[in-house]
Structure formats: C-alpha cells, structure tokens
C-alpha cells in the first residue's frame, strides 16, 4: 500500500483486485461502507435510467448551485480524466482528495485481516462517497452506474429518487425486456420518499414497485408536465408552476423531459432544498455537460454525443435531423462489443454519408473493422463509404481531411469514442479548404 501514491496507482490497484468488471450485489460494498461509517447529513438525490441520467444530474447541480447550495455530484463513466466522476461545487475534484478516499477504502477493506474483494467500480464509488461525506455539502447527487437495485450507489438511501428512462441496454445483467430492466431500476425507490419517473411511458414494473414499497410516486404526464413553443417553455407540477422558461443550454428535444424530471425532484424536496424561480432560470440557462449532443462551432461543424444504445441513438438521429441541411455528414463511431448495433445503424444510417469506424482502448470494445463489417452487412445505400481506424483521433483527422467547410462531423458511441477526441481539449475545426 505504501507504493500507491498517485491516482493512477490506485486505479491500477482497483483493476487488479477483482476477477470480474461487474459483480452485482451490495453485501460486500455495504460491509466496507459500514466500516468506513459513510453518512450524509444533507439531502441525497439518486438518478437511475437508461439515458438522460447525466443531463438530469447536471441540471440539478446547476440549479442548486445557482440557489447557493454546496453541491457534490457523482457520475460515471468519465470522458477524459477520472477526476470528472466527482464534481464538488461544479468543479472536478482534485486528485489528492481521491487518493485519500482510496486509502480510506483500502484500510476498511483489509481491516482485521479479513480482506473483502471489491470491483473497480465498487472501490472507486466508495472512495468518492467518502470524499463527498467529508466535504460539508448541502446536496448530494448520485448517478447510478448500472441498473439500480444492485448498483453500489444504492447502499445510500436517497431522499428523492429519479428514474429518467427505461430502455434496452446491459441486458446480460438487467434482463431482456423493459419490464425486467425497469424492475432493476426501481430498486432505488424508498418507502415514503418521493420517486420521480420522467419516462413518459414507464414499464408497469416501475409503477408496481412504487406501490409495493409505498414510495411517493411523481409520474410524468400525471403529477408534472411541460408545454412549450419555439421561444419558451413552461412546467407545472404539484403545487408549483414555472412559465416563460428559456430552453435548457443542453441541446436536443429530449432535454425538456430531463429538465422536467429535475424540476419535479426539486419541487418534491422544496422543504429541504428551497430554490427560487430565478435559480431555476439561471441554472437551466448555464448548465453544461460535454458529449451530450454538444455542437462545436467551426468549419465543418462538429457534434459530440455519447449515444451508445438504440434509444439514445434514436434521439441523436432526431436531433441531427433537426439541425438542417449539410452537404455531407461524416461519422466517427466506436462501441462496445455487446451493443445491439442493428437498430442503431437503422436509425442513424440514412443521415450519414461517410463512416469512420474506430478501435477503442478497452478489451470490451468491438474493433473498427468488426463494426465496419456489421454496418456493411445491412447497408443498402450505394452512395456511402466506410473506413476503419486504430483510434478516434486518427478517425477524426481522416474526416477533417475529407470534409468540406460546410459539412458536418459527428463523433458518437461509447464514452471512449467521444473522450478519445477530447484528449487535448475540444477540437476547433478549420477545414483545409479554408487555408489554401
């Protein structure tokens, strides 16, 4: 343990500890958490869902920050640096705090010689919770990594739970249909506490579980809703109404659903965390989250999106369609080997003229060549082409070399894909044609 001095040392140590990447269950992680006496004296909001979790967390953070609260937000995975997983008062945590958290987990894990095995995610989650518990926060926001019921985050009892959406992803762990997956996500509900379900068509299993455990169900379209026109939008829920709101700074049609869920949660918690209408307006106006339909101005235009399952790729396709006309759309795409690619390609392929498939730096990823082969097997367009590359930056450079200034380049898929083009910061594109 003496040799573990940097964050990289600790992360490497976590990767060596457990034989599998994912080992669902709370007994081991709860035992270590109890030894560490992790407790929160402030309201906790836990956010689960297939898509929209990160955006919902970011909106809650922005609004609460504008209201003057000291916020802590845990999300995963990260795009470029591990420190992004914990934001304290809106800023990525300093590595020194994480190193202290990891050391605390290791002491508790090996206490009295009775060593407890933890996965990378469990170990890092405990370290981050430890840092948050020691940071004097007014509000804690926890994003569920996978599912809900058996996710390490679920050792903490939330004052309010949010389920953003339920769709098909991680089926090898969560089940083969929306009802099974919904049941897993519903595991974050607590008796007598509010649960916000912002999925417009939630599985019956989610509604049934709320009734079963006696949670206070806030359902989209029943307990809260939104309306809007091209200029502004409004929200109405139990005992509260906001009108004349500017659209959230996060782009995409799906963000109003996420914003509605965030406002429902804050309304449900208004006794513990009162916020003003001005804090809501400012928070939604200033919220930032890289890689969620992020449009980077330049020539050509660059779009970054971590859409990596059929549900999120369908939303990406709709948002791309709404952007207007571009002569050619180039797409850099990389994904994990277990993803359901056929419906993803079916949704977005009509919008993409040139594909640049890429390898990713993890053994769980499909190779660029394998992705290209799967795309080719169902491609029916004669006017499109594809190439495979060793990493996202090589793929992006090839797209820049081929693109005209009026084209559009999309980078989407795994966090590794988007993170791969952000290693040196956000690229600002200047097509070669402008320099000649």
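Which residue, of 79, 86, is under 18 Å from residue 133 (Cβ atoms) and either in contact (Cβ under 8 Å) with a residue 60 or more places away in the chain or not assigned by TED's automatic domain parsing to the domain that holds residue 422 (or both)? Don't jump to the end; show me each part of the working.
Values: 79 fails: under 18 Å from residue 133 (Cβ atoms).
Exactly one residue qualifies, and that residue is 86.
Among the residues of the stretch 324-332, is any within 20 Å of residue 247 (Cβ to Cβ) and in contact with a strand residue (DSSP E or B) (Cβ under 8 Å, 6 or more places away or on another chain)?
Step one: of the stretch 324-332, the residues within 20 Å of residue 247 (Cβ to Cβ) are 324.
Now drop any that are not in contact with a strand residue (DSSP E or B) (Cβ under 8 Å, 6 or more places away or on another chain), which leaves none.
No, the conditions are met nowhere in the stretch 324-332.
Do we find that residue 201 is free of Cβ contacts under 8 Å to residues at least 12 places away in the same chain and more than 26 Å from residue 14 (Cα to Cα) in this structure? Don't jump to the end; show me each part of the working.
Values: free of Cβ contacts under 8 Å to residues at least 12 places away in the same chain: yes; more than 26 Å from residue 14 (Cα to Cα): yes.
Yes; evaluated as a whole, the condition is true for this residue.
Look through the stretch 226-259, keep the residues that are touching a strand residue (DSSP E or B) at 6+ places or on another chain (Cβ under 8 Å) and touching a residue at least 60 places away in the same chain (Cβ under 8 Å), and return whichever of them is surrounded by the fewest Cβ atoms within 10 Å (Cβ to Cβ).
Applying the filter and picking the extreme gives 251.
Are there any pairs, at least 6 apart or on different chains, whose C-beta atoms fall under 7 Å, with the first in the stretch 27-44 and assigned by TED's automatic domain parsing to the domain that holds residue 69 and the second exposed (fewer than 15 other Cβ atoms within 10 Å of the Cβ) and part of a helix (DSSP H, G or I), and if so, which?
35/111
Can you tell me which residue is surrounded by the fewest Cβ atoms within 10 Å (Cβ to Cβ) among those in the stretch 146-162 that are within 23 Å of residue 13 (Cβ to Cβ) and out of contact with any helix residue (DSSP H, G or I) (no Cβ under 6 Å at 6 or more places or on another chain)? Explain how you work it out, then say what you get.
Initially, the stretch 146-162 is screened for residues within 23 Å of residue 13 (Cβ to Cβ), giving 146, 151-153, 155.
Imposing the further condition that a residue be out of contact with any helix residue (DSSP H, G or I) (no Cβ under 6 Å at 6 or more places or on another chain) reduces the set to 146, 151, 153.
On the way: 146: 19, 151: 27, 153: 27.
This residue is 146.
Inside the stretch 24-118, counting only helices (runs of 4 or more DSSP H) that do not spill past its ends, which hold 2 or more residues that are within 21 Å of residue 307 (Cα to Cα)?
Details: elements: 27-36, 53-66, 95-109.
So the answer is 53-66.
What single numbered condition from (1) over 27 Å from residue 255 (Cα atoms); (2) touching a residue at least 12 places away in the same chain (Cβ under 8 Å); (3) surrounded by fewer than 18 Cβ atoms within 10 Å (Cβ to Cβ) fails to hold for residue 131?
Residue 131 satisfies every listed condition except (3).
Is there a residue in the stretch 176-195 that is farther than 30 Å from residue 426 by Cα, surrounded by 15 or more Cβ atoms within 10 Å (Cβ to Cβ) and over 24 Å from the mean Cα position of the chain (by Cα)?
Scanning the stretch 176-195 turns up no residue that is farther than 30 Å from residue 426 by Cα, surrounded by 15 or more Cβ atoms within 10 Å (Cβ to Cβ) and over 24 Å from the mean Cα position of the chain (by Cα).
Residues of the stretch 107-128 being under 27 Å from the mean Cα position of the chain (by Cα) and either buried (at least 19 other Cβ atoms within 10 Å of the Cβ) or at pLDDT 95 or above (or both), which ones?
Start the filter on the stretch 107-128 by keeping residues that are under 27 Å from the mean Cα position of the chain (by Cα), which leaves 117-128.
Across the stretch 107-128, the qualifying residues are 118, 119, 121, 122, 123, 124, 125, 126, 127, 128.
What's the number of the condition residue 9 fails, among (1) in contact (Cβ under 8 Å) with a residue 24 or more places away in the chain; (2) surrounded by fewer than 20 Cβ atoms within 10 Å (Cβ to Cβ)?
(1)
The values are calculated or read from the model by the stated rules, or taken from the named source; none is laboratory data. All values derive from a computational prediction rather than experimental measurement. Backbone-built Cβ (ideal geometry, glycine too); neighbour counts: all protein chains shown.
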